[in-house]
Amino acid sequence: MKLIYERTPSIERAMLVDGERLLEVEERFIDQLSVGTILEAAVERIHPSLGAAFLTDGATTFFLPIAETLKALASYPDVPTIGQAAVVGEKRLVQVTKEGINGKHHKVTENIRFGGRYVVYFPYGRRQLYSRKLDLVTQDRLSKVFDLTEAEGVLFRTESGQASPKALQEELELLRARARDVEQNRFGQDELLCEQFARRHAVESVTTNDAEAKRRLERLEIPVERHVGKGRMKEALRLDDAIDKLESRVAWLEGGAYVLIEQVETMTVIDVNSGKNVAVKDKGRAADTINEAALYTVMEQLRLRNIGGMVVIDFLRGSKDGQTRLLKKMKEVGARDPRRVEIYGFTKMGLFELSRERTGRSIQDRMVRDGRPSKLAVFSRLERALLDLGAHDGVVLSLPQKWQDGKWDAFGFEVLFIKGEPGIAFFGTAEECQNFVQRR
């Protein structure tokens, strides 16, 4: 598998591909709150019945369980009360561990972590932990490598079993330096998207346009090719159409059949339709054929769109044998998904039920807001378009007034604004752009 990582002044985008096929994609603002973000927040209120505290940074509210506080870490295995572990008004350095969706708050921890190729470093972790794939002999050897303070903790990844003590020590010092930097700045992101993808998947190589990403990935000993020319990477350009289609409710199958994907707050409902598919004499056999093709498309779309939670699929009415084959194949395909998938099978109404581990927000949640493209969707399209306008001196962007706060000064040409629907209104020389704005 190959990773394509594209970074613009405001946005980072990671695309995992197998040959020419897109497997997974994620996009976010570089400075947005996401899993791994470290920030300082004050204790706003304590909730004894939940055993948790609610924190705020002035704009966002966070949920901090008692078990994730420094007091609980220091007294482990004893668990203090939340009143003993947190004081209203007190400022805490915390890290987001789970994104809040559907009105829920972001979940945070004081047990901050910094990930490396071989180890995960916890400045306040107090324990040494090991991957379950490391045998006891290897664990005993690794336990003697580091000289940690009483407060520090580490998790040895599977790869640490093959690493030399020198390599492990060098990585620990690097992670300690990152922890000191975050402690001073009181804000930071533990990992770029490309690092997260590289750790989750067996990435063989990476193509990127970002020097910082290249430096970080090479620490993980992953071959990296950096694009240094003008404009966008051709590998990323080829994927634009496939990614844009993920915002549609419809995914087409060969022969004219299609699946309709409807995301609501509580679940995702998927309807399989024969569409333009020409039926044969045996309608049951035709339905079974379409259902099996739809099965692979459905599972592919769940991963591409990052859909989690409860999923209900209304397959075409096929044969009993066809339903049995569908259940068996769905279990096989679900087992290959990087996220945990639970297969429940057909209900008495003939609906197929499954659930998929939820990790962050889906494509729809990120790219659509109140039925219109979100700020992330608009900035993503505009900044990618601006990368290809490097030969010009200026550009005029049409944007709502409240959105004119992007990092538009990083493209090497003058950017002017007019109020209106998001888009590129004009580009040319700086003088031509000024004249265009004055005429407006």
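The values are calculated or read from the model by the stated rules, or taken from the named source; none is laboratory data. Treat the numbers as computed from the prediction; the structure is a model and nothing was measured. Cβ atoms come from the backbone with ideal geometry, glycine included; neighbour counts cover every protein chain shown.
Which of the following residues is without any contact (Cβ under 8 Å) to a residue 24 or more places away in the chain and touching a Gly at 6+ places or on another chain (Cβ under 9 Å): V96, V43, V79? Lay out the reasoning, then the answer.
Working: V96 fails: without any contact (Cβ under 8 Å) to a residue 24 or more places away in the chain; V43 fails: without any contact (Cβ under 8 Å) to a residue 24 or more places away in the chain.
None of the other options fit; the residue is V79.
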Surrounded by fewer than 14 Cβ atoms within 10 Å (Cβ to Cβ), over 18 Å from V17 (Cα atoms) and touching a residue at least 24 places away in the same chain (Cβ under 8 Å) - does that describe any residue in region 192-205? no
Matching residues, region 53-70, being surrounded by fewer than 20 Cβ atoms within 10 Å (Cβ to Cβ) and over 23 Å from G188 (Cβ atoms): A67
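Scan region 303-318 residue by residue and report those that are part of a loop (DSSP other than H, G, I, E, B) and surrounded by 15 or more Cβ atoms within 10 Å (Cβ to Cβ).
Of all residues in region 303-318, those part of a loop (DSSP other than H, G, I, E, B) come to 305-308, 315-318.
Residues satisfying the conditions are R305, N306, I307, G308, F315, L316, G318.
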Search region 138-153 for residues that are under 17 Å from A179 (Cα atoms) and pair each with any residue that is of a type in the set (F, W, Y) when their beta-carbon atoms are under 8 Å apart and the residues are at least 6 apart or on different chains. A151/Y124; E152/Y121; E152/F122; E152/Y124; G153/Y121; G153/F122; G153/Y124
Among the residues of region 334-366 satisfying the criterion of being hydroxyl-bearing (S, T, Y) and within 30 Å of W403 (Cβ to Cβ), which is surrounded by the fewest Cβ atoms within 10 Å (Cβ to Cβ)? T359
Give the residues of region 378-400 that are modelled with pLDDT of 80 or more, out of contact with any helix residue (DSSP H, G or I) (no Cβ under 7 Å at 6 or more places or on another chain) and either more than 18 Å from E27 (Cβ to Cβ) or not hydrophobic (A, V, I, L, M, F, W, C) (or both), sorted by residue number. S380, R381, E383, R384, D388, L389, S398, L399, P400
Report whether or not K133 is more than 30 Å from V368 (Cα to Cα), among the basic types (K, R), part of a loop (DSSP other than H, G, I, E, B) and not assigned by TED's automatic domain parsing to the domain that holds M267. yes
Subset of region 367-408 [exposed (fewer than 13 other Cβ atoms within 10 Å of the Cβ) and touching a residue at least 40 places away in the same chain (Cβ under 8 Å)]: D388, G390, A391
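For residues in region 1-52 being touching a His at 6+ places or on another chain (Cβ under 7 Å) and modelled with pLDDT under 95, which is surrounded by the most Cβ atoms within 10 Å (Cβ to Cβ)? So that I can check it myself, show each step before the final result.
First, pick out the residues of region 1-52 that are touching a His at 6+ places or on another chain (Cβ under 7 Å): 1, 16, 33.
If we keep only those that are modelled with pLDDT under 95 as well, we get 1, 33.
Details: M1: 15, L33: 19.
Looking at the filtered set, the residue picked out is L33.
For region 98-119, which positions are more than 26 Å from T158 (Cα to Cα) and among the hydrophobic types (A, V, I, L, M, F, W, C)?
First, pick out the residues of region 98-119 that are more than 26 Å from T158 (Cα to Cα): 99-107.
Listed by number, the list holds a single entry, I101.
Out of region 409-419, which residues are part of a loop (DSSP other than H, G, I, E, B) and either surrounded by 13 or more Cβ atoms within 10 Å (Cβ to Cβ) or hydrophobic (A, V, I, L, M, F, W, C) (or both)? Steps first, please.
Step one: of region 409-419, the residues part of a loop (DSSP other than H, G, I, E, B) are 411-413.
Residues satisfying the conditions are F411, F413.
Based on what the data block shows, is G406 under 28 Å from A236 (Cα atoms) and more than 24 Å from the chain's Cα centre (by Cα)? Walk me through how you get there before you give the answer.
Values: under 28 Å from A236 (Cα atoms): yes; more than 24 Å from the chain's Cα centre (by Cα): no.
No; evaluated as a whole, the condition is false for this residue.
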Selection from region 331-355 of residues that are part of a strand (DSSP E or B) and under 20 Å from R305 (Cβ atoms): V341, E342, I343, F352, E353, L354, S355
